[in-house]
1. Return the single residue from Lys135, Lys76, Lys147 with maximal mean-square fluctuation; model: Gaussian network over the chain, springs between Cα atoms under 10 Å.
2. Quickly work out the Asp134-to-Thr159 label distance, labels modelled 7 Å from Cα along the C-beta direction, and quote it in nm with one decimal.
3. Please list, in chain and number order, the residues 5+ apart from Val165 or on another chain whose amide H is under 5 Å from its amide H, with Hs placed from the backbone.
4. So in region 69-179, what percent of DSSP beta bridges are antiparallel if you round to the nearest 5?
5. Among DSSP beta bridges lying fully in region 1-115, give the percent that are antiparallel, nearest 5.
6. May I ask you to work out the translational diffusion coefficient for the chain at 10 °C, viscosity 1.306 mPa s, via Stokes-Einstein with Rh from the Kirkwood sum over Cα pairs, reported in whole µm²/s?
7. For region 71-143, state the average projected area of the convex hull of the C-alpha atoms over all orientations, rounded to one decimal in nm².
8. From the helices alone, meaning DSSP H stretches of at least four residues, give me the mean residue ellipticity at 222 nm for the chain, per-run term -39500 (n - 2.57), in deg cm²/dmol to the nearest 500.
Amino acid sequence: MVTVGRCVLVSGAGGSTGSELCRQVLACQPSRVVLYELSELALYTVHQELLQLTEGTGIDLVPVLGSVTDARQVRKVLAAQRVQVVLHAAAYKHVPLVEANPLAGLANNVFGTQTLAREAAETGVERFILISSDKAVRPTNVMGASKRLAELVVQDLATRHAGTVFTMVRFGNVLGSSG
């Protein structure tokens with residue numbers, strides 16, 4: 001993924017995976033990084049850290065407090081910021097919590113992915129990368145099933161939107177992750 005001079009949106013930017021993706025993206029010298037995050041505290045924390053890392057680099061940081069399930073806001077942000085690359089790391093990933101709250105897990109992980117991916121394609125985003133989970137392989141719980149469904153949503157959109165390159169990667173357990 002070449003991000004030099006590009007605008008990159010990271011959903012779930014305040015999470016353990018999303019914030020590390022932001023740090024890695026900065027090394028690729030994007031013009032702008034849009035930090036899209038549902039948690040106010042997580043967004044504030046990652047934004048403050050990244051401000052220090054980008055001082056004097058000319059990289060623009062844009063913190064956005066919002067949900068990937070909000071199609072109107074997603075569309076507005078993608079268009080206004082002229083996003084070219086989306087790294088979609090926003091997800092509920094704590095298995096016991098998603099098992100206890102399956103509708104919230106499905107809404108966020110499946111419908112949030114569908115919303116963000118569809119709006120990305122419709123606003124002309126060049127590349128959309130879904131960060132999935134190893135638990136999506138023959139899932140035995142709601143969280144894993146929700147991530148597998150998110151993968152299927154992205155695969156379906158890839159067949160219908162030739163202008164956007166859709167890809168996905170499955171992460172296993174991440175050392176130091178909050179999950």
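1. Largest GNM mean-square fluctuation: Lys76.
2. Result: 2.9 nm between the two label points.
3. Here the answer is Arg127, Phe128, since their amide H atoms fall under 5 Å of that of Val165.
4. Working: 0 of 11 bridges.
Approximately 0 percent, going by the DSSP bridge assignments.
5. On the way: 0 of 15 bridges.
So the antiparallel bridges in region 1-115 amount to around 0 percent.
6. Values: Rh = 16.1 Å.
Result for D is 99 µm²/s.
7. Details: hull surface 20.1 nm².
Taking the Cα atoms of region 71-143, their convex hull projects to 5.0 nm² on average.
8. Working: 7 runs with 78 residues, N = 179.
Helices in the chain give a 222 nm mean residue ellipticity of -13000 deg cm²/dmol.
The values are calculated or read from the model by the stated rules, or taken from the named source; none is laboratory data. This one's a predicted model, so the numbers in the text were calculated from it and none came from an experiment. Here the Cβ is made from the backbone with ideal geometry for all residues, glycine too, and neighbour counts use every protein chain on show. Ligands, DNA and RNA are stripped out before the accessible areas are found, and what is left, the full protein with its side chains, is counted by its heavy atoms. Shrake-Rupley method; radii C 1.70, N 1.55, O 1.52, S 1.80 Å.
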